[in-house]
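Have a look at the structure below before the remarks.
Bear in mind that the values in this text are calculations on the coordinates, not laboratory data. Being a predicted model, the structure only gives us computed values, none of them experimental. Note that we place each Cβ from the backbone using ideal geometry, even for glycine, and neighbour counts take in every protein chain shown.
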Amino acid sequence: MNENVKPRRRYDSTRRQAQAAQTRQDILDAAHQLFLDRGYAGTTLAAIAQAAGVVVETIYRAHGSKAELFKAVVRAAVAGGATRAQVPVEQRPAIAAVIAEPDPHRQLELYAATQPGIHARAGPLLRVLIGAAVTDPELARLWDQIEDERRNGLARFAQLLTDRGALRPELSVEEARDLLWALNSLTVHDLLVLGCGWSPERYRHWLAGALARELLPDRQPPRRPTPPRPRRPEPQQRSPRPDVA
């Protein structure tokens, strides 16, 4: 054997995975900014590829179409990053804490606490989509797909509350899902935060209370212990009067 032959370089899968993850992040970051700056219709895959430093074929291989790329951008915004978006929703720390919480009122408080950040991150993108969907049937279908995914996720939450016996007895799972879907919507958030000038903290506090009022049985006030009735003093026996001489 020729001793001068160089050994084959070992395949570094960790490095390749890190590079692929960075490429995905670069594409999503570029798409996010261009969708905000130019709108959905005004953003081309060629422009995204140029901004991300990749070729258009790389985007097609990763996402298939501009609509699917937009959905991926929204998912990353909701999750708080492309890496976190790869984790199943139920395994993300904030949602895992909601699932693990045994007290339903505290569950809804924890869930409400996730919403201001989600609307702040994903709201600007979704407003672009909503505005364009009015005149573009393809974008209207994309909006419907995004809302269907949100509704399905909230259906699982409603089922969890039902399985634990936490819902109002008159509510079905479907009704609970619909209430969760409506109260947590971007529309309600924008009416209160953007339209009425509410702070994110006030919106979060209101949302937690509204969810509890609509979904959970009324809390019974704790019964106050009945104070013991004061004992009536025993009548004092009079000592016999001495005879007067």
(request) Kindly provide the set of residues from the range 111-124 that are under 16 Å from residue 76 (Cα atoms), in contact with a Leu (Cβ under 7 Å, 6 or more places away or on another chain) and surrounded by 15 or more Cβ atoms within 10 Å (Cβ to Cβ), ordered by number. (result) 115, 119, 123
(request) Could you look through the range 99-136, keep only residues that are of a type in the set (Val, Ile, Thr) and in a helix (DSSP H, G or I), and pick out the one that is nearest to residue 164 (Cα to Cα)? (result) 99
(request) Look at residue 87 and say whether it is under 26 Å from residue 142 (Cβ atoms), part of a helix (DSSP H, G or I) and among the β-branched types (Val, Ile, Thr). (result) no
(request) Report the residue count in the range 14-45 for those that are loosely packed, with under 13 Cβ neighbours inside 10 Å and touching a helix residue (DSSP H, G or I) at 6+ places or on another chain (Cβ under 6 Å). (result) 0
